[in-house]
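Enquirer: Got a structure for you, written out below as structure tokens; questions coming shortly.
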Amino acid sequence: MDQTGKSYPVSLTVDYPEQPRDRASVFFRLLLVVPIAAIVGLLVGTGYHWVFEEAGRGLSWATAGFAVAPTMLMILFRRKYPRWWFDWNLNLNRFLFRVSAYLGLLRDEYPSTDEEQAVRLDVVYPDAKTELNQWLPLVKWFLVIPHIVVLCFVDIAAYVCVIIAWFAILFTGRFPRPLFDFVVGVMRWQARVVWYAVLFATDKYPPFSIEA
């Protein structure tokens, strides 16, 4: 929530798995993810990087497979964000986060190509004429440089959390809840930066926060 009491228009949540984890699935996760990763590669090409990559690369995958340049031009010259382009960007991004949550050991169910499952990304569809500045897409990449710098370090911490969680799940059957919340928070932060600077769904500057 900001000072006006309004929530940020981009939200990401992942349900914490209360049941004991599938240790075999966790142990072989890098192998099990290969088939769905191949589908991801076909959809977005070589520009895709897992969500735990540093933020600069995260912004690079956001331009592959998504309607980015056309959306920028439509906002610049027509002040429109076609709804089907928005829906494509949103559903593709949801799919990528499901795969990322699986790879990051947050969930054990295999990522669905279309069902929401336990990973929920919600983005408010903007009224381009009243809510989006038509010239701001030209400079948003520059405005998020502070986020990219900070996220470079935060992402490293997320990587470490996942490695620790891998051992924790194998020995205890649980992903430590504080580490789980932190990793999800990093994903949430990245989602907000991407939808502000690359997918142009909001002009509201993303907070420097992992909180929901």
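Bear in mind these aren't lab numbers, they're just calculated from the coordinates by the rules spelled out. Predicted model, so just to flag it, every value in this text is computed and none were measured. No Cβ is skipped: glycine too gets one built from the backbone with ideal geometry, and neighbour counts run over all protein chains shown.
Enquirer: Nearest 20 debye, what's the magnitude of the dipole of the stretch 142-212 about its Cα centre given +1 on Lys and Arg Cβ and -1 on Asp and Glu Cβ? Spell out each step's value before the answer.
Expert: Values: 5 positive and 4 negative charges, 29 e Å.
About 140 debye.
Enquirer: How far, in degrees from 0 to 90, does helix 145-172 lean away from the longest principal axis of the Cα atoms of the chain, to the nearest 10?
Expert: 20
Enquirer: Once the other residues with Cβ under 13 Å from the Cβ of E109 are scored (Lys, Arg +1; Asp, Glu -1), what is the net sum?
Expert: Summing Lys/Arg as +1 and Asp/Glu as -1 gives -1.
Enquirer: Arrange S25, S100 by Cβ neighbour counts within 10 Å, fewest through most, would you?
Expert: On the way: S25 16, S100 23.
Taking fewest neighbouring Cβ atoms as first place, the list is S25, S100.
Enquirer: In the chain, how many lysine pairs have Cα atoms under 17 Å apart, counting only pairs 8 or more places apart or on different chains?
Expert: Close lysine pairs found across the chain: 4.
Enquirer: Once the mean 1/r over all distinct Cα pairs of the stretch 67-164 is inverted, what Kirkwood radius in angstroms do you read off?
Expert: This gives a value of 15.9 Å.
Enquirer: Determine the dipole magnitude for the stretch 20-197: charges of +1 sit on the beta-carbon of Lys and Arg, -1 on that of Asp and Glu, nothing else is charged, the reference point is the Cα centre, and the result goes in debye to the nearest 20.
Expert: With Lys and Arg at +1 and Asp and Glu at -1, about 240 debye.
Enquirer: Now for a different question. Choose one of G173, V198, N93: the residue whose Cα lies farthest towards the positive end of the charge dipole of the chain (beta-carbon charges +1 Lys, Arg; -1 Asp, Glu; about the Cα centre).
Expert: V198
Enquirer: As an exercise, use a Förster radius of 30 Å and the Cβ-Cβ distance of W84 and A38 to find the FRET efficiency, rounded to the nearest 0.05.
Expert: For R0 = 30 Å, the calculated efficiency reads 0.70.
Enquirer: What is the local net charge at D127, summed over the other residues whose Cβ is closer than 13 Å to its Cβ (Lys, Arg +1; Asp, Glu -1)? Intermediate values should be presented prior to the final figure.
Expert: Values: positive: R79, K80, R83, K129; negative: E131, D203.
So the surrounding residues net to +2.
Enquirer: Angle between the Cα long axis of helix 177-197 and the longest principal axis of the chain, 0 to 90 degrees, nearest 10?
Expert: With both axes taken from Cα atoms, the answer is about 20 degrees.
Enquirer: Binning at 10 Å from 0, report for the stretch 20-197 what percent of all alpha-carbon pair distances ends up in each bin.
Expert: 9, 35, 35, 16, 5, 0
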